[in-house]
Structures are given as C-alpha cells and as structure tokens.
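For reference, the structure discussed in these notes is given below.
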C-alpha cells in the first residue's frame with residue numbers, strides 16, 4: 001500500500017503538504033487553512049481503514065483531500081470506495097482537483113454539505129474518520145455509531161491537540177458500551193473506537 005504508492009498520489013500529497021506549509025506561515029490563511037493530518041497519521045488511517053470490516057468508508061471533513069488520499073490507498077487495497085463529506089465550497093473545489101490529479105476520482109465520492117444532516121443516511125459503515133469542526137464531533141459520532149457494522153472502526157482526530165474542546169467527547173466515548181476505545185498519541189492524537 002505504501003511502498004507501491006502511485007506517483008500521482010505521492011506528488012499530490014507533496015503539493016498539499018507544501019500548500020499547508022505556506023498556509024501555516026500566512027496570517028491571512030487562518031480562515032481557510034487546510035488543517036491536514038501529518039503523514040504518520042495518514043498512514044495509520046490507511047492501515048485502520050484497510051483492516052476494517054466490509055462496509056461504507058466515510059470521512060467527515062475532506063479539506064483539500066490529503067487524508068482522503070491515504071484512505072483511497074486503503075480502498076484500492078480492499079476494493080472499496082470512500083465517501084468524503086465537506087461543507088466549505090472552497091475546500092471541496094480543491095479536493096475535487098486533488099482527486100482528479102491523484103487519479104482516485106473513480107474510488108472517492110465527494111459529497112458537499114453539512115455532515116450533521118448527511119450522516120444519518122449512511123448504513124453499514126465499516127470505517128469512519130471524523131476530522132471536521134470539533135464542536136460537532138459528538139453529534140457526528142451519534143449519527144455514525146448506530147449505523148456501524150460489528151467490528152467497524154471510528155477514528156476522531158485532534159483528541160489531544162483540541163483537548164479543551166474534545167475532553168468531554170472523549171470521556172463519553174470511553175464510557176460508551178457500544179464501542180471499545182482508546183487514545184493513540186500520534187499526530188494531534190486519535191481517538192480510535194471499534195464497534196461492538
């Protein structure tokens with residue numbers, strides 16, 4: 001999956017990392033910054049998605065499409081498809097360009113809109129990554145978990161970097177008997193749960 005990564009995906013990942021570096025250095029980019037995961041987080045997401053049981057693979061918060069490229073690698077491995085949700089038009093446009101440039105538009109479906117309104121329509125979820133507005137993680141989690149297959153994997157990013165916002169959410173997931181969960185201290189911190 002990683003050793004034979006297609007050059008087009010590798011090139012687009014590098015392009016997005018460079019764009020993100022420039023955005024982080026610019027004081028005017030704060031409103032639309034990409035907020036991408038680091039490569040080690042992307043790799044873990046790909047491994048988890050490739051290991052998840054059969055079912056829908058969903059990402060909440062596409063941004064420029066960087067983490068979706070890691071998930072697309074997993075989908076290519078499993079023969080699945082990725083559905084990724086993005087509410088901001090500017091980011092959805094960049095992600096569409098990303099999927100075309102990386103040659104993954106055939107396995108990635110970008111859905112524009114508010115995940116809180118869309119998630120309830122998905123059934124048989126085998127993998128879900130939550131990486132959008134942190135204030136909405138609890139609401140998205142509650143829309144996803146009842147529709148996950150047994151053994152399905154849910155990941156929420158930024159659990160450690162945004163602990164002031166996400167600590168109550170993380171605590172509630174840890175006490176939820178529908179999932180087995182733990183915090184993985186990689187990147188900005190991932191909350192990883194497996195549906196019972």
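The values are calculated or read from the model by the stated rules, or taken from the named source; none is laboratory data. Quick caveat, the model's predicted, so the values are computed rather than measured. Ideal geometry is used to build each Cβ from the backbone, glycine not excepted, and the neighbour counts take in all protein chains shown.
Structure summary
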| read-out | value |
| --- | --- |
| Residue check, residue 51 over 24 Å from residue 96 (Cβ atoms), surrounded by fewer than 18 Cβ atoms within 10 Å (Cβ to Cβ) and modelled with pLDDT under 95 | no |
| Hits in the stretch 174-183 (condition: surrounded by 15 or more Cβ atoms within 10 Å (Cβ to Cβ) and touching a helix residue (DSSP H, G or I) at 6+ places or on another chain (Cβ under 7 Å)) | 179, 181, 183 |
| Among the residues listed as 69, 94, the single one being over 23 Å from residue 121 (Cα atoms) and surrounded by fewer than 23 Cβ atoms within 10 Å (Cβ to Cβ) | 94 |
| Helices (runs of 4 or more DSSP H) wholly inside the stretch 1-98 containing at least 3 residues that are without any contact (Cβ under 8 Å) to a residue 12 or more places away in the chain and out of contact with any helix residue (DSSP H, G or I) (no Cβ under 9 Å at 6 or more places or on another chain) | 7-25 |
